[in-house]
Amino acid sequence: MSQTTAGRVPGQPSGPGAEGSRGVLGRLLLFLRQVVGELRKVVTPTRRELVNYVLVVLVFVAFMMVLISVLDLAFGQAALWVFGQGSNAAGG
């Protein structure tokens, strides 16, 4: 839906109390009209774009898995180095 420079939707009441004068059903219908208007603006990606987006996401997820695994291993080894194996402190 296009809006005027004043920020109001054409064909809708303006002025003080315009929102309050609308009933629940009127507000719901306005909301639904605005949702449909926004959905008409959505552009569906082409097959090639979709494949590129999927590949980018998969590469990023794989990279993050490797990064988190390496950090987990490093912090685990650091914890073992700082606190020891635990069997020597038990006394036997």
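Examine the stretch 79-87 for a residue that is among the aliphatic types (A, V, I, L, M), open to solvent by less than 80 Å² (accessible area, probe 1.4 Å) and part of a helix (DSSP H, G or I), and state whether such a residue exists. Within the stretch 79-87 (the criterion being among the aliphatic types (A, V, I, L, M), open to solvent by less than 80 Å² (accessible area, probe 1.4 Å) and part of a helix (DSSP H, G or I)), the answer is yes, since at least one residue qualifies. How about the stretch 19-38: which of its residues are among the aliphatic types (A, V, I, L, M) and either modelled with pLDDT of 95 or more or surrounded by 11 or more Cβ atoms within 10 Å (Cβ to Cβ) (or both)? Leu28, Leu29, Leu30, Leu32, Val35, Val36 - these are the residues of the stretch 19-38 that are among the aliphatic types (A, V, I, L, M) and either modelled with pLDDT of 95 or more or surrounded by 11 or more Cβ atoms within 10 Å (Cβ to Cβ) (or both).
The values are calculated or read from the model by the stated rules, or taken from the named source; none is laboratory data. All figures in this text were calculated on a predicted structure; none of them were measured in a lab. Neighbour counts are summed over all protein chains in view; Cβ atoms, including those assigned to glycine, are modelled from backbone coordinates with ideal geometry. Surface areas here come from the heavy atoms of the whole protein model, side chains and all, with no ligands, DNA or RNA. Shrake-Rupley method; radii C 1.70, N 1.55, O 1.52, S 1.80 Å.
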